[in-house]
Amino acid sequence: MNSVNLIGRLTRDPEVRYTTDSMAVARFSIAIDRPTKKDGEQQTDFPNIVCFGRRAENIERFIKKGKRVGVQGRI
């Protein structure tokens, strides 16, 4: 019921920090272009994304600014 799928490009390199329990937390934002209407101006959304644990560590290693990514999660 509460799920979202986003595809876009990273606006900057992910910022990864560790909690006091040594769990990784990655924060980044992606640029998502909206479909344009006829003779309309291009619009872009920039949602902020937060990932935890092993996913955050993998994001830090493999994902860099400008890479196209798909994000599945919940709001």
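How do the pairs read when you match residues in region 2-14 that are over 11 Å from VAL69 (Cβ atoms) with residues anywhere that are part of a loop (DSSP other than H, G, I, E, B), using Cβ under 6 Å and keeping only pairs 6 or more apart or on different chains?
ASN2/ARG74; SER3/ARG74; VAL4/ILE75; ARG12/LYS65; ASP13/LYS64; ASP13/LYS65
Pairs, please: C-beta under 6 Å, at least 6 apart or cross-chain, first residue closer than 20 Å to GLY73 by Cβ and in region 31-60, second open to solvent by 60 Å² or more (accessible area, probe 1.4 Å) and in a loop (DSSP other than H, G, I, E, B)?
ALA31/PHE46; ARG34/GLN43; GLY53/MET23
Taking only region 20-30 into account, find how many residues are open to solvent by 30 Å² or more (accessible area, probe 1.4 Å), more than 18 Å from GLN72 (Cα to Cα) and not acidic (Asp, Glu).
Restricting attention to region 20-30, the residues satisfying the condition of being open to solvent by 30 Å² or more (accessible area, probe 1.4 Å) are 20-23, 27.
Right, trim to more than 18 Å from GLN72 (Cα to Cα) and you get 20-23.
Narrowing further to those that are not acidic (Asp, Glu): 20, 22-23.
Final tally of qualifying residues: 3.
Matching residues to (1) surrounded by 14 or more Cβ atoms within 10 Å (Cβ to Cβ); (2) of a type in the set (Ser, Thr, Tyr):
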position: SER3; (1), (2): no, yes
position: LEU10; (1), (2): yes, no
position: TYR18; (1), (2): no, yes
position: ASP33; (1), (2): no, no
position: LYS37; (1), (2): no, no
position: ILE49; (1), (2): yes, no
position: ASN58; (1), (2): no, no
position: ILE63; (1), (2): yes, no
position: GLY66; (1), (2): no, no
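The values are calculated or read from the model by the stated rules, or taken from the named source; none is laboratory data. Source: prediction; values computed, not measured. Reconstructed Cβ throughout: ideal geometry from the backbone, glycine too, with neighbour counts over all protein chains shown. Note: accessible area is taken over every heavy atom of the protein model, side chains too, but ligands, DNA and RNA are not part of it. Shrake-Rupley method; radii C 1.70, N 1.55, O 1.52, S 1.80 Å.
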